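The values are calculated or read from the model by the stated rules, or taken from the named source; none is laboratory data. All values reported here derive from a predicted model rather than from experimental measurement. Please note: Cβ atoms are built from the backbone with ideal geometry, for glycine as well, and neighbour counts cover all protein chains shown. For the accessible areas, the whole protein counts, side chains as well, though only heavy atoms, and no ligand, DNA or RNA atoms are used. Shrake-Rupley method; radii C 1.70, N 1.55, O 1.52, S 1.80 Å.
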Amino acid sequence: MKLAVITQRVDEDDPALGATVAKIRALAALVDELVVLALDASPTELPVNVRVRTFGGGSRVGRTVRLVTGLARERPEAVVAHMAPIYGVLAAVVTRPRRVPLLLWFTHWRGSRLLRLAERLSTLVLSVDARSFPLRSQKLVAVGHGITVGPAAPARLDDGVLRLLAVGRTSPAKGLEALAAAVERVPGTELVVVGPSLTGEERRHREELRSRGVRVDEPVPHGRIGEVYAAADALVNNMRVGALDKVVFEAAAAGLPVLVASEGFDALVAGIDPPLRFVQDDPASIASRIAALAAVGPERRRAIGAELRARVRRDHSVERWAERVVEAAR
């Protein structure tokens, strides 16, 4: 099979998009030829059956023409449009007349008219599960998140402080203020936020968090995210229902306990004692979960992390993700 993937960037060090490279490698292991069309790319070691074509630069019209003509010349047997609905819409110009399967991979809580159009033009829609795709669709196929399950992070030295990690932009929408308020209620805990501040609002929120005693660090290259997880005792994520944040699965794959608000993580955290889900944006609820996790001690936390890691490997590994994508494409 010759498969084409359209994506934003091929760069293993990109803090946000670096995980795409692992998906490319996993897909390449299952197909004869893989063509990646990307806005831009950095030198990256890829399998010999992978070719990267870039279509970025210049005007929007120029980028559109390069993408459509490049895809048409490649004549793939199936196409995956990765995360950006516009790629699905443009790819359909080539795939629909040729009756080539077009698969839209999308996982986010926010819908749009462009996403609705991309869904209509796609053969199938791929997402983590039904809750991670914001539209009702009979085309949806659940494929998991596609997480690299590498070596477990070494246990942090127990210094009597429970270090909680939040990863992502310092946007007020991330619910970081409620996390900070919860940590203030539980002695012997601290909150570390790792992520960029890309807008004026996010930079102001960064300083507000620091004024409350929260440590806020810059993002690291994706290849070093394991170091961030190794420096924490647990991850905490206050995103809304429908937001199946990749960092939750990454942290769990590294062997960290994860405290989460979204019911979308129910399958990941079900049956764990103490419970790991809390009420979104409720400092009292968050604080109660933090206190319970602190009380069980490091040995129990490591056991929780090991169970979550096994669940990610079973349901969300990048290898299983690639198998499901290729099966859908055939």
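Values [x] 20.7; [y] 22.0; [z] 21.3 are given for comparison; Kirkwood radius over Cα pairs in Å, derived from the coordinates here, is the one labelled [x]. Remark: the Cα gyration tensor places region 177-258 in the rounded category, a/c being less than 1.5. Summing charges over neighbours of residue 163, with a neighbour being any other residue whose Cβ is under 13 Å away from its Cβ, gives -2 when K and R count +1 and D and E count -1.
Taking every C-alpha pair closer than 8 Å and separated by at least 6 residues, the mean separation divided by the residue count of the chain gives a relative contact order of 17 percent.
Per residue, the accessible area of region 107-191 comes to 50 Å² when a 1.4 Å probe rolls over the protein heavy atoms. Whole-Hz Karplus values for region 222-234 come out as 4, x, 10, 5, x, 5, 5, 5, 5, 8, 10, 9, 6 Hz, taken residue by residue from phi with 6.51 cos²θ - 1.76 cosθ + 1.60 and θ = phi - 60°; glycine and proline positions read x. Close amide H contacts of residue 54 (hydrogens built in the peptide plane, cut-off under 5 Å, sequence separation of 5 or more or a different chain): 38. Reducing region 219-284 and region 54-82 to their Cα centroids gives an inter-centroid distance of 36 Å. Split the accessible area of region 73-210 by element, probe 1.4 Å, and carbon with sulfur accounts for 52%.
Helices in the chain that qualify as membrane-span-like (whole DSSP H runs, Cα extent of at least 30 Å along the helix axis, mean Kyte-Doolittle hydropathy of -0.5 or higher) are 283-316. Only helices enter the 222 nm calculation for the chain: every DSSP H run of n ≥ 4 contributes -39,500 (n - 2.57), and dividing by all residues gives -12500 deg cm²/dmol, rounded to 500.
Once backbone amide H atoms are built at 1.01 Å from N, residue 277 has 260 as its partners under 5 Å, excluding neighbours fewer than 5 places away on the same chain.
Is the C-alpha gyration tensor of region 1-139 telling us rounded, prolate or oblate? Criteria: a/c under 1.5 is rounded; beyond that, a/b larger than b/c is prolate, otherwise oblate. Judged from the Cα gyration tensor, region 1-139 comes out rounded (a/c under 1.5). With the cut-off at 1.5 for a/c, could you classify region 266-313 from its C-alpha gyration tensor as rounded, prolate or oblate? Oblate shape, in that a/c is at least 1.5 and b/c is the bigger or equal ratio. Each of 160, 19, 82 was placed along the dipole of the chain (beta-carbon charges, centred on the mean Cα), and the one lying farthest toward the positive end is 82.
Counting lysine pairs in the chain that sit 8 or more residues apart in sequence, or on different chains, and whose Cα atoms lie under 25 Å apart gives 6.
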